[in-house]
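Student: Sharing a structure below in structure tokens format, with a few things to ask.
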Amino acid sequence: LSTQSTWGAPPNAAEREAINALRSALTPEMQGAYTIFGANEVFDDAFFLRFLVARNFDIQKASTLMLNYLQWRAKDFPQGVLAQDVPLELESGKAYIDFFDKRKRPVVVVRGRYHSRNRPTELTKRFIIFCLDGAVRAMPSGIDQFAGLVDLEGFGTSNADLTALKMLLSMLESEYPERLGNLWFVHSNFVFMGLWKVVKGFIDARTSSKIHFFGSDFRQRLLERVDADVLPAAYGGSAPNPPCPFHGRLSPPGLTPSSSLTPLSS
């Protein structure tokens, strides 16, 4: 059985059997136990496939991962995270969603220099969830993954939040399995790499293969992945560099995109 994602393609017989096994573990109570931006989760084939792919189609392990996710949602975030829950994080300008890459995946841009390591851990967790849920919501029909662009220009010790980094990587593997398409880092420096050395050994091989650190040629590398007309000039494109704070065109509910933005075609 292939362990590669087959998003958008009809499941083959073996995949269908595995999907049905996971679906049988899902009770009606679980399905209505939480909302994300006011809507119920969609329990389609792709939902179950993400957990199966993340656990190499080991049905028992995939089922455990899925049930843990459902319990996490229902117990800790039954209404998800809304814009009014993280106002200061939003106004910091440290993350926004404004464009798609060439594979039509929403790109979450993180500007590390605007994050303070002194922010309360719970607020940081909520903001991470808000951004990741926002990226999922921004996916066009038929797209099941997002990308991340982490800009470390100006990143220093006051921004170096090991707890937040661990939390993000853990969520990508446990609560958002197979949602990450790629994670690109630019302007990495010795401060951030000190954090990275601590966490990189705990990242599973599948997630690690999606993470790339671009060097001085990062503009060229990003232009291979994102169209120039939506990529900000600072990253090699021709789009204006966003101010701070900034609410992108793919912002989650509760945020109004910055007034200078023109409509974005997906």
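The values are calculated or read from the model by the stated rules, or taken from the named source; none is laboratory data. As the structure is a computational prediction, the values presented were derived from the model and not from experiment. Cβ: placed from backbone, ideal geometry, glycine included. Neighbour counts: every protein chain shown. Ligands, DNA and RNA are stripped out before the accessible areas are found, and what is left, the full protein with its side chains, is counted by its heavy atoms. Shrake-Rupley method; radii C 1.70, N 1.55, O 1.52, S 1.80 Å.
Student: In what sequence, largest accessible area first, do Cys244, Cys131 appear using a 1.4 Å probe?
Tutor: These residues rank, largest area first, as Cys244, Cys131.
Student: Using a 1.4 Å probe, what is the accessible area per residue for the chain, in Å²?
Tutor: Solvent-accessible surface per residue comes out at 47 Å².
Student: I need to check one value: relative contact order of the chain, counting alpha carbon pairs closer than 8 Å and at least 6 residues apart, in percent.
Tutor: 19
Student: Using only DSSP helix segments of four residues or longer, with each worth -39500 (n - 2.57), what per-residue ellipticity at 222 nm results for the chain after dividing by its residue count and rounding to 500?
Tutor: About -10500 deg cm²/dmol.
Student: In degrees between 0 and 90, to the nearest 10, how far off the longest principal axis of the chain does helix 190-199 point, with axes built from Cα atoms?
Tutor: Computed tilt is about 10 degrees.
Student: Compute the separation of the alpha-carbon centres of the range 72-102 and the range 155-208 and state it in Å as a whole number.
Tutor: Cα centroid of the range 72-102 versus Cα centroid of the range 155-208: 18 Å apart.
Student: Got a number for carbon plus sulfur as a percent of the chain's accessible area, 1.4 Å probe? Please list the in-between numbers first.
Tutor: Values: 6460 of 12460 Å².
On the chain, the fraction of accessible area on carbon and sulfur atoms equals 52 percent.
Student: Tell me which label goes with the value of semi-axes √(5λ) of the Cα gyration tensor in Å computed from the coordinates here: (i) 30, 20, 20; (ii) 35, 25, 15; (iii) 38, 24, 19.
Tutor: (i)
Student: Right, next: At a probe size of 1.4 Å, how large is the accessible area of Met193, to the nearest 10 Å²?
Tutor: 60
Student: Continuing with the same structure: Which order do peptides 235-241, 164-170, 95-101 fall in by mean Cβ count within 10 Å, highest first? Walk me through the numbers before you get to the answer.
Tutor: Working: 235-241: 15.9, 164-170: 17.6, 95-101: 23.7.
Most protected by this proxy first, the peptides run 95-101, 164-170, 235-241.
Student: Round to the nearest 10 and give me the degree value, 0 to 90, for the angle of helix 162-174's Cα axis relative to the longest principal axis of the chain.
Tutor: Taking the Cα atoms of the chain, the angle to 162-174 is about 30 degrees.
Student: What does DSSP give for the chain in terms of the percent of beta bridges that are antiparallel, rounded to the nearest 5? Don't skip to the end; give the middle numbers.
Tutor: On the way: 6 of 21 bridges.
Percentage antiparallel, nearest 5: 30.
Student: At a Förster distance of 22 Å, what's the computed FRET efficiency of Phe190 paired with Asn118, Cβ-Cβ distance as r, to 0.05?
Tutor: Once rounded, the FRET efficiency stands at 0.55.
Student: Give me the dipole magnitude in Debye, nearest 20, for the chain about the Cα centre, with unit charges on the beta carbon: positive for Lys and Arg, negative for Asp and Glu. Please report the intermediate quantities before stating the final value.
Tutor: Values: 29 positive and 27 negative charges, 96 e Å.
Dipole size: approximately 460 debye.
Student: Separate question: With axes computed from alpha carbons, what is the tilt in degrees of helix 121-137 against the longest principal axis of the chain, rounded to the nearest 10 within 0 to 90?
Tutor: 70
Student: Same structure, new question: Label point 7 Å out from Val198 along Cα-to-Cβ: which residues of the range 139-177 have amide N under 11 Å?
Tutor: 160-167
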